[in-house]
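Comments concern the structure below.
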């Protein structure tokens, strides 16, 4: 339903651009071939330039040296990934190099020789291409406390429950005494945390049997399923297997 609404708005935006073009040209005054040529050129430039304009208007330049005195980095991915950005107005910008910064809670973009940080108020969803033959990973802005305003990775998308993962990065400062002088050392502390979303509430979730049974309920049925399927619940694949079963038994 969300995707249908998204692309409906995208088509609506395209129609508005067509009306703007109609107001710019009087078709009954120009030869047909000239009108068609201008039409193709106009929309080619419009569509090619739209992505650049959106990125530059809704972003700010960042200093790549801002973390020089901190060990490590606050990024989710070791290598920058290709992905697509979907704005609140349903504009879709494809094939951009990006990475998620857990310290600033925002996606950063590599564009030419520049690094820019997207304004989190402008976009609502990011699709990251992990592997060529696999579905894109979905990052969605969350509106439930304690995740409100943050982007989380969609791990499981059921009809009654969802599981998301929050990635955060904080700067940890330690002070050491070195020959009578205090030496300050900073490094990044990166953390991933799962959350179960159910009945419009987000509850922390761990990949531990005891924690999962406590958060989900239906303990007897789930324990029987875990035993039957020999689940260790130490991976997302096994978590999803358990959640698929849980979706079938809850009312």
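The values are calculated or read from the model by the stated rules, or taken from the named source; none is laboratory data. Quick caveat, the model's predicted, so the values are computed rather than measured. Here the Cβ is made from the backbone with ideal geometry for all residues, glycine too, and neighbour counts use every protein chain on show.
One residue stands out among those in region 132-183 that are out of contact with any strand residue (DSSP E or B) (no Cβ under 9 Å at 6 or more places or on another chain) and in contact (Cβ under 8 Å) with a residue 12 or more places away in the chain: the one that is surrounded by the most Cβ atoms within 10 Å (Cβ to Cβ), which is 158. Of the residues in region 123-131, at least one is modelled with pLDDT under 95, surrounded by 16 or more Cβ atoms within 10 Å (Cβ to Cβ), farther than 30 Å from residue 246 by Cβ and assigned by TED's automatic domain parsing to the domain that holds residue 184. Any idea which of 108, 68, 103, 117 is exposed (fewer than 13 other Cβ atoms within 10 Å of the Cβ) and either assigned to a loop (DSSP other than H, G, I, E, B) or within 16 Å of the chain's Cα centre (by Cα) (or both)? It is 68.
Counting only residues that are more than 20 Å from residue 144 (Cβ to Cβ) and without any contact (Cβ under 8 Å) to a residue 12 or more places away in the chain, which one in region 200-222 is surrounded by the fewest Cβ atoms within 10 Å (Cβ to Cβ)? Steps first, answer last, please.
Quick first cut of region 200-222, residues more than 20 Å from residue 144 (Cβ to Cβ) only: 207-210, 213, 218-222.
Now narrow it down to the ones that are without any contact (Cβ under 8 Å) to a residue 12 or more places away in the chain: 210, 213, 219-220.
Numbers: 210: 10, 213: 17, 219: 12, 220: 8.
Only one residue fits best here, namely 220.
Within region 71-83, track down each residue that is farther than 12 Å from residue 115 by Cβ and outside any loop (DSSP other than H, G, I, E, B).
Initial filter on region 71-83 (farther than 12 Å from residue 115 by Cβ): 71-74, 76-79, 81-83.
The answer is 71, 81, 82, 83.
Just one of the listed residues (226, 197) is surrounded by 13 or more Cβ atoms within 10 Å (Cβ to Cβ) and touching a residue at least 40 places away in the same chain (Cβ under 8 Å), and it is 197.
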